[in-house]
Amino acid sequence: MFRLTQYMQELVNPTPVRRRSGPVKPVVIWNLTRRCNLRCRHCYTTSADVPFPGELTHEQAMAVLDDLSAFRIPALILSGGEPLSRFDFFELAERARALNFRHLSLSTNGTKVAEHADRIADLGFDYVGISLDGIGAVNDWFRGVEGAFADALAGVRACKAKDIKVGLRFTITEDNAHTLPDMLDLCEAEGVDKFYLSHLVYAGRGDKHRGEDTAHARTRAAMDLLIERAWDAVENGRPLEVVTGNNDADAVWFLRWAAGRFDEVKLAHVRDHLEAWGGNSSGLGVANIDPQGKVHPDTYWSDYTVGSVKQTLFSDLWTGDDPMLATLRQRPRPLKGRCGACEFQSVCGGNTRIRALQVTGDPWAEDPACYLSNQEIGVEDAERLATTPFRGKSHDPAHRFF
């Protein structure tokens, strides 16, 4: 996750750079169930409103919570499918809160939040993230159910009424990019605390619909708008926090924006902070447990399993000798093509490896969703991959999404 607002604040109120030292404990995103009442086009877990065999039992899930607590992970995100569709969700959430995780979040489609707002508030979640993929009918088409937008918006309002920190998550594609300005306006109008722009990852149904990924020119325009809105909020003291996910090239794009507006001292300072962050954190600062208890480097690497919490403690799997985890944790990673020659590797960490894997069959190939030119990343003469990466639909590069 690229915390755009946080790094903008470094340009205004600089703080000391804190670099990682020793083993890194991951933020754990736990997909509690594949069951979901929606049918999202880009769902990375290919969820549906049916029971799925093999999911963790109540006893197994409670044991996982105990292990994660003893391992002292920095944050736990309860996700799905739709996590509120799991039969024992509130029992697990109550146990998680009792174990006093440093940060406990709920990631939901929002349609069930309003009816459970009292219980969610009583549990004291640090954050509730609600997914919306456009305004009104646009969202309902993406989410596969009429009325999903209205129900999710009711969930947002219920959270605000209960003083629960709430954010909107928006996955940008060619078919909804035009709604981004309206999504940001919605955040301002509803007093939403955080806006999360997620780039499409080619996993689950998201891989099936990879042809709907945004063209590079459209992504650049979207990032320009997002940076403009985020900076306006920072300059005027408004509380909206803006973050992005699943395309760490966003940090490089932000650096280019900062280079045109701030002196070399401030630019060097913010780059130091970005390098301390290090970009993509799959297998290092983020981990995933899927509904069946399989452990993955992140939520999108469903085809690579480190092991199962049904047989082995998560803490033992994460600190073991898995070869993929070991390679993901290397700095620099063994990247190829543009990513391998890029002068910003230390900032973005090579971006999202699963997209490279899905498109080329090689997890270390260049990320096809990097939207910066060769010249912009200092690799104008870099050797190209033999495989031509996917570049999204063909569009006039001068055409802006709004």
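Points worth noting:
- The Cβ shell under 10 Å around K112 holds other residues with a net charge of -3, Lys and Arg each +1, Asp and Glu each -1.
- Using a 4.7 Å Cβ-Cβ cutoff, the cysteines of the chain lacking any partner cysteine are C36, C159, C187, C339, C342, C348, C370.
- Between R18 and A154, full extension at 0.36 nm per residue minus the direct alpha carbon distance yields a gain of 45.0 nm.
- Prolate is the label for the range 102-173, because the ratio a/c of its alpha-carbon gyration tensor axes (a ≥ b ≥ c) is 1.5 or higher and a/b is greater than b/c.
- Computed extension length for R119-K165: 15.1 nm, one decimal, from 0.36 nm per residue of separation with the Cα-Cα distance subtracted.
- Of the residues G279, G134, G337, the one that moves most in a GNM of the chain with alpha-carbon contacts below 10 Å is G337.
- For the chain, hydrophobic long helices are taken as DSSP H runs at least 27 Å long by C-alpha position along their axis with mean Kyte-Doolittle hydropathy of -1.0 or more; these are 216-235.
- Given charges at beta-carbon only (K, R positive; D, E negative), |dipole| of the chain in Debye: 440 debye
- Cα gyration tensor category, rounded, prolate or oblate, for the chain with a/c compared to 1.5: rounded
- Heavy-atom accessible surface of the range 146-199, averaged per residue, reaches 35 Å², computed with a 1.4 Å probe.
- Measuring nothing but how far apart in sequence close Cα pairs (under 8 Å, 6+ apart) lie, relative to its length, the chain scores a relative contact order of 19 percent.
- Across T219, T111, T15, mean-square fluctuation computed from a Gaussian network of the chain (C-alpha pairs under 10 Å connected) peaks at T15.
- Of the solvent-accessible surface of the chain, computed with a 1.4 Å probe and all protein chains present, 48% belongs to carbon and sulfur.
- Residue with peak Gaussian network fluctuation, the chain [Cα springs, cutoff 10 Å], from D185, D367, D303: D303
- Cα-based convex hull volume of the range 166-310 per residue, rounded to whole Å³: 133 Å³
- Surface analysis of the range 319-386 yields an accessible area of 42 Å² per residue, using protein heavy atoms and a 1.4 Å probe.
The values are calculated or read from the model by the stated rules, or taken from the named source; none is laboratory data. Not measured: the values here are computed from a predicted model. Here the Cβ is made from the backbone with ideal geometry for all residues, glycine too, and neighbour counts use every protein chain on show. Keep in mind that these areas ignore ligands, DNA and RNA; they rest on the heavy atoms of the full protein, side chains included. Shrake-Rupley method; radii C 1.70, N 1.55, O 1.52, S 1.80 Å.
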